[in-house]
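Shown next, in structure tokens, is the structure this report addresses.
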Amino acid sequence: MSNEQMSAMVIPEFGPAEVLRPTTVAVPEPGPGQIAIDVAYAGANFAEILYRQGVVDVALPFVPGIEVSGRVRALGAGVEGPAVGDPVAALTIVDSGGYAEVVVTAADLVVPFDETRLSPAVAAAVPSNSTTAFLVLDRVARIEPGESVLVHAAAGGVGSQLGRAARLLGAGRVVGTVGSPAKKEIARQFGYDEVILREELAAAGEFDIVVDMVGGPTRRASLDRLAPMGRMVVMGNASGAADVGLSANELWFTNRTVSGFNLAAFAAAHPVETGAAMRRAVGAVTAGELIVQVATLALDRAAEAHRRIESGATTGKLVLEVAPSRSGSRGPGPGRGARADQSAMAANMPAS
């Protein structure tokens, strides 16, 4: 750490959204193999809520923020490119720290992007959800051409990426579920053949792959929807329901598989592979193959962003403005998100 100070939003104690506090902390310096980034935007994610609630054990005070966009500030020893000043998107999930003016992360988890083709606000929303979509389907579920895919919370952050990612990876039938009728039309924009209410799951047929970030009764019902040799990937528990016990003997007798995926653990263990998936995601969003809808809030409204996410009142992605003047944005272009509360994707709506 240097003696230079910067503004940051910190978690001084575990608790509700109101515990988030603006403060000043030391500017981090990159170590070997790391890159320091002047942050323009930081994505707001459910993972940061888990940190704030104490579900994930972190040392306090803690600066959350698992993904950012901005400009390269400095390169650590042994790092070759991108150059200082280049616009980049970065996954900061391993050590967090994105809710601040400067963040440091592994060079493998930093990807340049073209600001004339991709909005820096949208770029900040790519490293977590879009990267996860490719890793979950390709690396974990090992999707094969023509397979059927079921995605829960299809209008949410990760769900909004999984539908089109499944298409890019050769899926056949792709179905999404949502928690309310109001979100059906929104989810249909994200590459799904059908969007159904989760309560209609029993009549949806069988699937080769199910991605569940909801948990509770939905997890049990999802297992029943797996075809023989089907794979369910568990990557969240947004419902907050008690854990669901699954019988190993049942998996044995029915030729089904259940896997887990945690992006933080995967990125820490496999940074090169994670970075490759992230480059793939940035390229797909830049080309318009993945659609990322964002709405922005100022960093000092981080508590509001957390409340919206916790209540299920968001679709698409919320992005926090840390220092947007650093982005050097040149105006609207493909993939650009709406400013402040103007995006329909962040309107107050029921949980996904």
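At full extension, T254 and E273 could sit 3.7 nm farther apart than now, given 0.36 nm per residue minus the alpha carbon distance.
Pairs of Cα atoms nearer than 8 Å and 6+ residues apart set the relative contact order; for the range 33-163 it is 26 percent. The R307 and E80 beta-carbon pair, evaluated with R₀ = 35 Å, returns a calculated FRET efficiency of approximately 0.25. For A182 and R117, the FRET efficiency from 1/(1 + (r/R0)^6), where r spans their Cβ atoms and R0 equals 30 Å, is about 0.40. Seen from all directions on average, the range 116-218 presents a Cα convex hull projection of 7.0 nm². One equal scatterer on each Cα of the range 257-320, no solvent, Debye formula: the resulting log10 I(q)/I(0) at q = 0.25 Å⁻¹ is -1.00. Longest stretch of the chain clear of exposed loop sites (GluC sites (Glu not before Pro), DSSP loop, at most 12 other Cβ atoms within 10 Å, sites excluded): 81-352. The dipole here belongs to the chain: it is taken about the Cα centre, uses +1 on the Cβ of Lys and Arg and -1 on the Cβ of Asp and Glu, and is about 620 debye.
From its DSSP helices (H runs of at least four residues, each -39,500 (n - 2.57)), the chain gives a residue-normalised ellipticity at 222 nm of -6000 deg cm²/dmol.
If the Kirkwood radius is taken over C-alpha pairs of the range 34-91, then at 20 °C and 1.002 mPa s the Stokes-Einstein diffusion coefficient equals 168 µm²/s. For the range 194-310, the C-alpha radius of gyration divided by 2.2 N^0.38 Å, with N the number of residues, is 1.31. With 10 Å bins beginning at zero, the pair-distance distribution over Cα atoms of the range 16-153 amounts to 12, 38, 32, 16, 3, 0 %. Beyond 39 Å, what share of the Cα-Cα pairs of the chain is found? Please give it as a whole percent. For the chain, the fraction of Cα-Cα distances above 39 Å is 11 percent.
Bear in mind that the values in this text are calculations on the coordinates, not laboratory data. What you are looking at is a predicted structure, and each value in this text was computed from that prediction instead of being measured. Every residue, glycine as well, gets a Cβ built from its backbone with ideal geometry; the counts of neighbours run over all protein chains shown.
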